[in-house]
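Just dropping this structure here.
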Amino acid sequence: MILTDYLSIAGLLLTLLGFTVTILNVRKARRLTEQLRGDLKRIDAASELSSAIACMTEIKTLHRMGQWFIVLDRYSSLRKSLILIRENNHDLNDESKKIIQSTISLLSAIEDIVEKSNNKKEPPEDVPKLNQIISKQMDKMHPILLELQNKIGR
Amino acid sequence: MTIQKIGAIVVNLKKLTEKGKLEWEKTEKADVFQLAFPNFTIRISKRPSEVEPEDDYIISVIDSEGVEIESMSDVDLKSIYTLPGEAYRMMKYIWESARGYALGVEQTLDIIIKELEKKGSGFV
């Protein structure tokens, strides 16, 4: 073999090495993009859940103030955002989904009570009980929020 | 067909309740308890019967959006079981167990018994 043959082989090897490095970099970039996409989803979910918990605090205040017509809108918007949080986040485990489902059912039942009492032009019978139930659900939702926040960047 | 399926749900709820595998929760009403799954909820409640001296027990299924999609009482279900009064007995048992679990009655009584036994053993 002459020198030009050696140079050709060396050139071929360098090209193959370059290809390999490029492929590895593309894979790494794809992995990072997927992770970033997942993180963005989790940030969004954490933010949505945080807003939902804040909305539950607002509902309790509206109950105490007897703002029964305003609070009706809050129940349905809160239920809708909880449904979206559950449906859009595959990271949530079954236990977290159960807590969200439980909250959705309770909100729906509370909405029904308030709707019926509004029709009779009376406040609901046991307002402290309604707030107690909402507080309990809030306590159960905080760990879900922490779990989502802890998964960001991992 | 729906009645048969609700009947099957009641039988399974009774079996799982007996094994203590269901985590019933309190609700907005004192005599209603619920069991949440990731995409639906089951509720059990009781109300005074319009014809019988005993209460009626009602089982309801709530969908993923919080809407009640089916509800049946022990009176509705009595035709599907072979033994008379079976639906009433099963649903009463589920309701009482759900109440016990949700209010923590069993757990609290166990703690009280342990505490009393501890105190009692101190005197022996």
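The values are calculated or read from the model by the stated rules, or taken from the named source; none is laboratory data. In this text the structure is predicted, and so the values were computed from the model without any measurement. With ideal geometry, Cβ positions are generated from the backbone for all residues, glycine too; neighbour counts draw on all protein chains shown. The accessibility values were calculated without ligands, DNA or RNA, using every heavy atom of the protein model including side chains. Shrake-Rupley method; radii C 1.70, N 1.55, O 1.52, S 1.80 Å.
A:ARG37 accessible area, nearest 10 Å², 1.4 Å probe?
Estimated to the nearest 10 Å², A:ARG37 gives 150 Å².
Past the 16 angstrom mark, what percentage of all C-alpha to C-alpha distances in the range B:15-69 do you count?
51
Working from Cα positions, state the angle (0 to 90°, nearest 10) between the long axis of helix A:127-151 and the longest principal axis of chain A.
Between helix and principal axis, roughly 10 degrees.
Ok, one more. Would you mind getting the accessible area per residue of the range B:29-81, heavy atoms of the protein chains only, 1.4 Å probe, in Å²?
Averaged over the residues of the range B:29-81, the accessible area is 51 Å².
Over all directions, what mean area does the Cα convex hull of chain A project, stated in square nanometres?
That works out to 12.0 nm², a quarter of the Cα hull's surface.
Take the Cβ-Cβ distance between A:ASP139 and A:ASN25 as r, set R0 to 41 Å, and report the resulting FRET efficiency rounded to the nearest 0.05. Before the final figure, lay out each step's value.
Details: r = 47 Å, r/R0 = 1.14.
Step by step, r from the Cβ atoms, then E = 0.30.
Could you tell me the calculated FRET efficiency between B:ILE3 and A:LEU72, based on Cβ-Cβ distance and R0 = 45 angstrom, to the nearest 0.05? It would help to have the intermediate numbers written out before the result.
Details: r = 34 Å, r/R0 = 0.75.
The formula returns an efficiency of 0.85 here.
Note the buried accessible area between A and B here, summed over both chains, with a 1.4 Å probe, in Å² to the nearest 100. Please report the intermediate quantities before stating the final value.
Numbers: alone 10320 and 8380 Å², together 17160 Å².
Counting protein atoms only, the buried area is about 1500 Å².
Would you mind checking which residues have amide H under 5 Å from B:PHE37's amide H? H placed 1.01 Å from N; only 5 or more apart, or other chain.
Here B:ILE42 satisfy the definition.
Place the peptides B:14-22, A:21-29 in order of packing, highest mean first, counting for every residue the other Cβ atoms within 10 Å and averaging per peptide. Present the calculation step by step, with values, prior to reporting the outcome.
Working: B:14-22: 13.3, A:21-29: 10.0.
My ranking of the peptides, most packed first, is B:14-22, A:21-29.
Give me the percent of the accessible area of chain A that comes from carbon and sulfur atoms, probe 1.4 Å, all protein chains in place.
The value for chain A is 59 percent carbon and sulfur by accessible area.
In nm, to one decimal, how far is the modelled label at A:LEU14 from the one at B:THR108, with both set 7 Å along Cα→Cβ?
Inter-label distance under the simple model: 8.2 nm.
Round to a whole number: what % of the accessible area of the range B:1-83 belongs to carbon and sulfur, probe 1.4 Å?
Carbon with sulfur: 51 percent of the solvent-accessible area.
Using only Cα atoms and rounding to the nearest 10 degrees, what angle (0 to 90) does helix B:2-18 make with the longest principal axis of chain B?
The two axes meet at around 10 degrees.
Within 10 Å of each Cβ of A:3-11, how many other protein chain Cβ atoms are there on average?
0
Distance cut-off 23 Å, Cα to Cα: go down the list A:LYS97/B:LYS26; A:LYS80/B:LYS46; B:LYS19/B:LYS92 and report the pairs above it.
Violating the 23 Å Cα-Cα cut-off are A:LYS80/B:LYS46.
To continue, here is another question. I'd like the mean, over residues of A:103-115, of how many other protein chain beta carbons sit within 10 Å of each residue's own Cβ.
Numbers: counts 2, 9, 18, 9, 2, 7, 11, 2, 1, 3, 2, 0, 0.
Taking all residues of A:103-115 together, the mean is 5.
Additional query: From the C-alpha gyration tensor of the range B:29-99, pull out the three semi-axes of the equivalent ellipsoid (sqrt of 5λ each), sorted largest to smallest, in whole Å.
Listed largest to smallest, the semi-axes of the range B:29-99 are 22, 13, 11 Å.
Shielding of A:87-94 by partners, i.e. mean partner chain Cβ atoms within 10 Å per residue?
1
Using only Cα atoms, find the angle between the long axis of helix A:94-119 and the longest principal axis of chain A, and express it within 0 to 90 degrees, rounded to the nearest 10.
For helix A:94-119, the angle is close to 30 degrees.
What order, most packed first, do the peptides A:119-125, B:76-82 have when packing is the mean number of other Cβ atoms within 10 Å of each residue?
B:76-82, A:119-125
Quick check: net charge around A:MET56, other residues with Cβ under 12 Å of its Cβ, Lys/Arg +1 and Asp/Glu -1?
+3
Could you work out the per residue convex hull volume over the alpha carbons of chain B, in cubic angstrom?
Hull volume over Cα atoms, normalised by residue count, gives 150 Å³.
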